[in-house]
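J.: For reference, the structure I am asking about is given below.
The values are calculated or read from the model by the stated rules, or taken from the named source; none is laboratory data. A quick note: this is a predicted structure, and the numbers were derived from the prediction, not measured. Reconstructed Cβ throughout: ideal geometry from the backbone, glycine too, with neighbour counts over all protein chains shown. The area values use the complete protein model at the heavy-atom level, side chains included, leaving out ligands, DNA and RNA. Shrake-Rupley method; radii C 1.70, N 1.55, O 1.52, S 1.80 Å.
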Amino acid sequence: MNPWLIGVPAAATIAGSAIAFGAVAPGSQLFGETICHTASPDQLAITFDDGPNPVITPKLLDLLDRYGAKATFFVIGRFVIDCPALTRDIAARGHLLANHTQTHPNLFWMAPSAVRDELKLCQGALQDATSSDAKYFRPPYGFRNPWVVRAARELGMQTVMWTLLPGDWRARSTEWLAERMLPIAQHVQSSVAHTTGDVLCLHDGAHRALGGDRSRTLDALQYWLPRWRDLGLKFVTISEAVSLPAR
Ligand SMILES: [Zn+2]
């Protein structure tokens, strides 16, 4: 049991619900301030988790280049160590590298020192590969606890969640995935005035091993990028696009 859960027996059910919400809901600020949208409705922040991946990331970089799209890559430190040149290429082509821990554990169950180690090791891998630290962090599976966001902040990083998580790791068709990405276009076309824009969470890798097949992610993006561009969306990195949520 996590030490901070001890001592809440009477309200366990209510507290449990609140904790579950705070731990996983992308917009929740319960466990610390997180970035979960862009500052303007015409800005779309496309983000990729679980790379770099030598099978997919180079093709993805070419695809993004075709549309002048800049994106944010939340990389896993141990894959950065395996693929330093590819990691450098991501940055050299104008994208933003960000921290997604060293080994992709569920941080919710980990003690503060272990959380800090996971974040720090990934920072070290990025520093070795690119000579710079990440300024943004995304927890694996989106799981936070009271010290995850703080640990990131102490290492100079803001925590980033998302507005849309289409589930591109599922073994479904490209059509299914493309359909799950429809809300982005719907937001732009909606008659309801939006004041913020989307942060889309996709995956160019698979956290268990290098070489995961994310070709359907590429295909769905190939479908949407020209359509989003024609709708007037600008593709920006997290650092270009975010403002902290209203408190
Ligand atoms: Zn991940």
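J.: So, in region 5-55, how many residues would count as being within 16 Å of the ligand (Cβ to nearest atom), at pLDDT 70 or above and surrounded by fewer than 16 Cβ atoms within 10 Å (Cβ to Cβ)?
T.: Final tally of qualifying residues: 0.
J.: Pairs only if they're at least six apart or on different chains, beta carbon under 7 angstrom, first in region 95-113 and away from the ligand (no atom under 16 Å from the Cβ), second among the aromatic types (Phe, Trp, Tyr) and part of a loop (DSSP other than H, G, I, E, B); list them, first residue then second.
T.: Correct list of pairs: PRO112/TRP147.
J.: Only one of these conditions is not met by GLU154: (1) over 24 Å from LEU200 (Cβ atoms); (2) in contact with a Leu (Cβ under 6 Å, 6 or more places away or on another chain); (3) of a type in the set (D, E, K, R). Which number is it?
T.: (2)
J.: Quick check: anything in region 166-186 of a type in the set (D, E, K, R), within 29 Å of GLN102 (Cβ to Cβ) and touching a strand residue (DSSP E or B) at 6+ places or on another chain (Cβ under 8 Å)?
T.: The answer is yes; a qualifying residue exists.
J.: Next question, about the same structure. Test THR159 against the stated conditions and say whether it is surrounded by 15 or more Cβ atoms within 10 Å (Cβ to Cβ) and either polar (S, T, N, Q) or within 20 Å of THR38 (Cβ to Cβ) (or both).
T.: Values: surrounded by 15 or more Cβ atoms within 10 Å (Cβ to Cβ): yes; either polar (S, T, N, Q) or within 20 Å of THR38 (Cβ to Cβ) (or both): yes.
So THR159 fits the description; yes.
J.: Return yes when ARG138 is touching a His at 6+ places or on another chain (Cβ under 7 Å), under 23 Å from LEU64 (Cβ atoms) and not aromatic (Phe, Trp, Tyr) and no when it is not.
T.: In short, yes.
J.: Taking only region 91-127 into account, find how many residues are among the aliphatic types (A, V, I, L, M) and more than 19 Å from MET161 (Cα to Cα).
T.: Final tally of qualifying residues: 8.
Conditions (1) farther than 19 Å from VAL75 by Cβ; (2) within 16 Å of the chain's Cα centre (by Cα); (3) open to solvent by 50 Å² or more (accessible area, probe 1.4 Å), marked per residue:
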{"site": "GLY167", "(1), (2), (3)": "yes, yes, no"}
{"site": "ALA185", "(1), (2), (3)": "yes, no, no"}
{"site": "ALA193", "(1), (2), (3)": "yes, no, yes"}
{"site": "VAL199", "(1), (2), (3)": "no, yes, no"}
{"site": "ASP204", "(1), (2), (3)": "no, yes, no"}
{"site": "LEU210", "(1), (2), (3)": "no, no, yes"}
{"site": "TRP228", "(1), (2), (3)": "yes, no, no"}
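J.: Scan region 204-217 and tell me whether some residue there is within 15 Å of LEU64 (Cβ to Cβ), touching a helix residue (DSSP H, G or I) at 6+ places or on another chain (Cβ under 6 Å) and within 16 Å of the ligand (Cβ to nearest atom).
T.: yes
J.: Moving on. Sort out which residues of region 137-156 are within 16 Å of the ligand (Cβ to nearest atom) and open to solvent by 60 Å² or more (accessible area, probe 1.4 Å), and write them in order of number.
T.: The one that is within 16 Å of the ligand (Cβ to nearest atom) and open to solvent by 60 Å² or more (accessible area, probe 1.4 Å): TYR141.
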